[in-house]
Number of protein chains: 2
Amino acid sequence: MIYKILDNKSVVDYVLNIPSVSKMFSHKEAVTAREVGDGNLNLVFIVSDDKNSMIVKQAIPYLRIAGESWPLARDRMRFESQALALHNKLAPGLAPALYHTDLEMSLVVMEYLGKHVIMRKELIKRKRFPLFVGHISTFLAETLFKTSDIYLTGAEKKKLQAEFINPELCKITEDFVFTNPYKESPENKWNHVIDPEVKALRSNGKLKVAIAEMKEGFMTHGQSIVHGDLHTGSIMINEKETRVFDPEFAFYGPAGFDVGAILGNLTLNYCSHFVRTPDVTERESFQAYLIELIRGTWNEFARKFDELWQKNNKGELCPPSYWDFPGGEQAFAEYRRKYIKLLLQDTAGCGGCKMMRRILGIAHVEDIEGIVDPQQRAIAERLALQIGARWVTERASFNSVEDLINIIVSVAGKKGK
Amino acid sequence: MIYKILDNKSVVDYVLNIPSVSKMFSHKEAVTAREVGDGNLNLVFIVSDDKNSMIVKQAIPYLRIAGESWPLARDRMRFESQALALHNKLAPGLAPALYHTDLEMSLVVMEYLGKHVIMRKELIKRKRFPLFVGHISTFLAETLFKTSDIYLTGAEKKKLQAEFINPELCKITEDFVFTNPYKESPENKWNHVIDPEVKALRSNGKLKVAIAEMKEGFMTHGQSIVHGDLHTGSIMINEKETRVFDPEFAFYGPAGFDVGAILGNLTLNYCSHFVRTPDVTERESFQAYLIELIRGTWNEFARKFDELWQKNNKGELCPPSYWDFPGGEQAFAEYRRKYIKLLLQDTAGCGGCKMMRRILGIAHVEDIEGIVDPQQRAIAERLALQIGARWVTERASFNSVEDLINIIVSVAGKKGK
């Protein structure tokens, strides 16, 4: 089908013409659509009859520089559909179900998540999600392990690698997570109450070297297919279910980038409650909960990753026969331990960059940005910068997630000093 | 042109039909060809008139499993021609000149190196090449720096990365450099005089973990386009010129893999002279020369790489504006120092694996394999295994090439103990 931009009427015709999709509607004459996207990059339609709903997400050309950027826009949807298909295969139930892909039309048809809410917004309200740690650690372990060289043959990995070379979206992360926030750049925004801290950070040679090291890893370490933008705004959740969505940034990168996105964004939320939740008991209780999420997410992820490795060591990297010697079992365990320790250190480094850039760069998070008073907001922002910087610069000494947590607690304890 | 296997007659017709190539022959009626390849994987023709010569190298299907492996054979020539073109562009005069590529015919037409000899064979004869260090360090610095994210934009690098995904040839290295030599595998060959050492090495847990780490880096660290097989048998040389050839293994991998190939193969030659050169004065003189090559190759490579970086810091990784702050110059210098130190450690790890696999695996080197008496050969082999193992396991402590050299000299000094 030749590309055309859909509207509330033509999207209905479109879905009713796809047999595998239209059969989900029992009352075809009752199907209607409404567009709910922000209109900048994608159209998002909820298409429903009186019983069922689905999402149609269509990429449109960049409005401001339409034409020239067109091929880029189309490719964006290819990565999203490929990654959604992969996540559905590797972590079923933890990503929106994918009903249909049409690359000519630059669209995907997928599950409507009407009973889920965006996790970031709920954490701001101090909502708790009892199954989150279990779900996200499974999502991370399954997607990161099963796209690594530990699980795949060399040929399988390299085929996927070719499909997931994603220059335009990687460039956004390279610029806006790893470079521009730490130097003068016109699109940077920050709270001028913290001007001295921002200036000091941008002139901190040791930190700048450490951030450059993280960027090098992001650009060269093709370890696993990462989601690439796994913050708490990319997670739809409720008491029973968790769905990771918007994986258009997916590419072969360092596995710690995704884990760090989760831990970093939980920590940003932690920082925000020093202002958002003045009641000390309530605050400490929720912050303790957030620390449990951080601890649990890492520990469960690491445990599941290691378990998957022991049970599925069938890839190219180090097959069982390689460890078949007296003492081989211990050597294999030691190798896994070292691999996962490096993954923790990458998690800290990437997570730290992701925290800092949300204070210094173009894109902030509602947890902190929603604090209206700049003086109050600065309290959370200073904490986030300090924790992020220490995660990055001290990462090589980390042995367990307690090292990351100790920094959060220690920096937060000295708040305002 | 539809693929057909050339012979001594049809190859002449072929080259005379390519105007850009045929114009190199002033006496077209005098052009003749002779096939000089080993006939297993490639046909290599020298095509000459009475004055000029050129090489036509054509990939043929794997003889043993022809048919099924055919697409693989064609791709092999694509990587060789791409890499040759790249090397001619980045390091002109240090690779055979490329006259013509025909992917349909799976062939390249390139410079005939009639005045050059294979470096490995000459080192066996204790020949010296006064310009080698200068040439090889330039080749390494130019090709590794200018294909890295330091020099290229993200988009340029990712385009090259897609072109250089080379699964079949990488698999050969993954198996035969990083895996099979260190475990039981039917194709392994080794001198049974050193059975005890081989058994001990294959059960050395610490070493096995370190080798697995090197393999992970080879499979995931897309730092630079490496030649991928840069041993002294891939270098044609004479007093004045050096040409690196046979780059069919080229892919985005760790830069240290190429540098390590050079240093490791020079060290294998060093080990061989304990047997090959019984005259102590002559031996010590040549071994001192080899040490100078090792020292010079690393130091000149590192110096040129750093100099290129300072003069051409125009890529995605860390642009000048990132270091534009008080103390930024020192921070930039510190980052370069750390980057190059990791490159040295990778060089040692990769070089060590390449030494060991030449003693334990399927493919040996003439320097050592040419020693007929197994007891005598074992002297060189034991040294190579010990040096290789220490380079790999101790690499994280290395700060300069002197650390690698100290291990060579120290192990060689304890020879036979």
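Worth pointing out:
- Rounded if a/c under 1.5, otherwise prolate or oblate - segment A:112-200, Cα gyration tensor axes: oblate
- Rounded to the nearest 20 debye, dipole of chain A from Cβ charges on Lys, Arg, Asp, Glu: 660 debye
- Per-residue ³J(HN,Hα) for segment A:119-130, Karplus 6.51 cos²θ - 1.76 cosθ + 1.60, θ = phi - 60°, Hz, x for Gly and Pro: 4, 3, 4, 7, 5, 4, 8, 6, 7, 10, 10, x
- Counting beta carbons within 10 Å around each of A:Met77, A:Met24 and listing the fewest first gives the order A:Met24, A:Met77.
- Counting charges near A:Val280 (Lys, Arg +1; Asp, Glu -1) among other residues having Cβ under 14 Å from its Cβ returns a value of +1.
- Cβ-Cβ FRET estimate between B:Val117 and B:Lys414, R0 fixed at 25 Å, reported to 0.05: 0.15
- Projecting the Cα positions of B:Leu383, A:Ile362, B:Tyr3 onto the charge dipole of the protein assembly as shown (unit charges on Cβ atoms of Lys, Arg, Asp and Glu, taken about the Cα centre) puts B:Leu383 furthest along the positive direction.
- Remark: spin-label model distance A:Asn17-B:Leu131 equals 6.7 nm, labels positioned 7 Å along the Cα→Cβ axis.
- Taking trypsin sites (Lys or Arg not before Pro) across segment A:200-243, the ones in a DSSP loop with at most 14 further Cβ atoms lying within 10 angstrom of their Cβ are A:Lys240.
- Taking other Cβ atoms within 10 Å as a rough exposure proxy, B:Ser410, B:Ser397 sort from fewest to most as B:Ser397, B:Ser410.
- A label point on A:Ala30, set 7 Å along the Cα-to-Cβ line, lies at 9.2 nm from each of its counterparts in the other copies, closest listed first.
- Residues listed by number, segment A:15-56, amide nitrogen under 20 Å from A:Asp7 label point at 7 Å toward C-beta: A:15-17, A:31-48, A:56
- Pairwise centroid distance, computed over Cα atoms, of segment B:79-118 with segment A:317-379, Å: 43 Å
- Ellipticity estimate at 222 nm from DSSP helix runs (n ≥ 4, -39,500 (n - 2.57)) divided over chain A, nearest 500: -17000 deg cm²/dmol
- Between copies, the label points at A:Ala162 (set 7 angstrom from Cα along Cα-to-Cβ) are spaced 1.2 nm, reported in nanometres from shortest to longest.
- Residues whose placed amide H lies under 5 Å from that of A:Ser224, excluding near-sequence neighbours: A:Gly253, A:Ala255
- Neighbour-limited loop hits for GluC sites (Glu not before Pro), segment A:184-215 (at most 14 other Cβ within 10 Å; DSSP other than H, G, I, E, B): A:Glu184, A:Glu187
- Across segment A:117-413, C-alpha contacts under 8 Å between residues 6 or more apart give a mean separation that, scaled by the residue count, equals a relative contact order of 29 percent.
- Computed extension length for B:Glu187-B:Asp279: 29.5 nm, one decimal, from 0.36 nm per residue of separation with the Cα-Cα distance subtracted.
- For segment B:185-244, dividing the convex hull volume of the Cα atoms by the residue count gives 166 Å³ per residue.
- Per residue of B:143-152, other chain Cβ atoms within 10 Å of the residue Cβ number 1 on average.
- Model label points for A:Ala396 and B:Gln375, set 7 angstrom from Cα along the Cα-to-Cβ axis, are 4.9 nm apart.
- A simple packing score, the average count of other Cβ atoms within 10 Å per residue, orders the peptides B:275-287, B:26-38, B:216-228 as B:216-228, B:275-287, B:26-38, with the highest score first.
- Take each residue of peptide B:170-177, count the partner chain Cβ atoms within 10 Å of its Cβ, and average: the result is 2.
- Treating each Cα of chain B as an identical point scatterer and summing with the Debye formula, the log10 of I(q)/I(0) at q = 0.11, 0.13, 0.14 Å⁻¹ comes to -0.87, -1.18, -1.33.
- The alpha carbons of segment B:165-295 occupy a box of 44, 41, 24 Å along the principal axes, longest dimension given first.
- Neighbour counting of Cβ atoms within 10 Å sorts the residues A:Arg126, A:Arg358, A:Arg303, B:Arg76, fewest neighbours leading, into A:Arg303, A:Arg126, B:Arg76, A:Arg358.
- Shielding by partners for peptide A:319-325, expressed as the average number of C-beta atoms from other protein chains within 10 Å of each residue's C-beta, is 5.
- Ellipsoid fit via the Cα gyration tensor, the protein assembly as shown: semi-axes of 51, 33, 25 Å, each the root of five times an eigenvalue, largest first.
- A point 7 Å from Cα along Cα→Cβ stands in for A:Ile18, and the other copies hold the same point at 4.7 nm, listed in rising order.
- Placing unit charges on the Cβ atoms only, positive for Lys and Arg and negative for Asp and Glu, gives segment A:7-157 a dipole magnitude near 700 debye about its Cα centre.
- Spin-label model distance (nm) - A:Asn299 vs B:Ala333, 7 Å beyond Cα toward Cβ: 4.6 nm
Every number in this text was worked out from the coordinates using simple rules, so none of it is lab data. Keep in mind the model is a prediction, meaning the values are calculated, not measured. Heads up, the Cβs are rebuilt from the backbone with ideal geometry, glycines too, and the neighbour counts pull from every protein chain shown.
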